[in-house]
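Undergrad: If you scroll down you'll find the structure; I have some questions about it.
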């Protein structure tokens, strides 16, 4: 029996050290050396202060800012620890009611805008943490933001164009814009 237990414990300790200590430290070291910004959480720092991450959405509700995709995380919006979708099916009345409420909020913030509301402004994603919206969703909000900030619509559209990211490798996904990046630029854009 001793001949079986001693090697089993030795192997357990060795594998614990290799897979629980050595491997994580090696992967972390390589990540920090090769991708320091991403390994550090892709934090956005402004004036020496962390204002967010370019990988996790934030709750912007002031009509003078771009609004991101709604979050389904709980117990609060954009909770990185509670990442996940709502799992509400398309026939679920709760989903229909949530979408109606979001459309009403967008219409209330910009009553003159009669354009169709882009779907990503009223539906949540699988992660509930999307930091980006479609270009159409940003353009939908441009007139409201321009009016409330005293900017020309073309100035706000220039911000959208500046922050538009194309398809990954020119093939995957759709063009998109990071909401935090655009809102940070809005803070430094003066009415002319």
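Undergrad: Among the residues that make up segment 183-190, is at least one of them in contact with a strand residue (DSSP E or B) (Cβ under 8 Å, 6 or more places away or on another chain), over 18 Å from residue 120 (Cα atoms) and surrounded by 11 or more Cβ atoms within 10 Å (Cβ to Cβ)?
TA: Yes, that holds for at least one residue.
Undergrad: On to the next question. Of the residues in segment 1-23, how many are under 30 Å from residue 52 (Cα atoms) and surrounded by 11 or more Cβ atoms within 10 Å (Cβ to Cβ)?
TA: Qualifying residue count, segment 1-23: 1.
Undergrad: Follow-up. Got a sec? Which of 165, 104 is within 24 Å of residue 76 (Cα to Cα) and surrounded by fewer than 17 Cβ atoms within 10 Å (Cβ to Cβ)? Show your work before the answer.
TA: Numbers: 165 fails: within 24 Å of residue 76 (Cα to Cα).
That would be 104, the only listed residue that is within 24 Å of residue 76 (Cα to Cα) and surrounded by fewer than 17 Cβ atoms within 10 Å (Cβ to Cβ).
Undergrad: For segment 165-192, what are the residues that are assigned to a strand (DSSP E or B) and under 16 Å from residue 69 (Cα atoms)?
TA: 176, 177, 178 - these are the residues of segment 165-192 that are assigned to a strand (DSSP E or B) and under 16 Å from residue 69 (Cα atoms).
Results for (1) over 29 Å from residue 188 (Cα atoms); (2) part of a helix (DSSP H, G or I); (3) without any contact (Cβ under 8 Å) to a residue 40 or more places away in the chain, shown as yes or no for each residue.
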| position | (1), (2), (3) |
| --- | --- |
| 78 | no, no, no |
| 81 | yes, yes, yes |
| 84 | yes, no, no |
| 100 | yes, yes, yes |
| 111 | no, no, yes |
| 133 | no, no, no |
| 147 | no, yes, yes |
| 161 | no, yes, yes |
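Undergrad: For segment 86-98: of the residues being outside any helix (DSSP H, G or I), under 23 Å from the mean Cα position of the chain (by Cα) and surrounded by 12 or more Cβ atoms within 10 Å (Cβ to Cβ), which is modelled with the lowest pLDDT?
TA: Per the stated criteria, the residue is 86.
The values are calculated or read from the model by the stated rules, or taken from the named source; none is laboratory data. Keep in mind it's a predicted model, so treat the numbers as computed, not measured. Every residue, glycine as well, gets a Cβ built from its backbone with ideal geometry; the counts of neighbours run over all protein chains shown.
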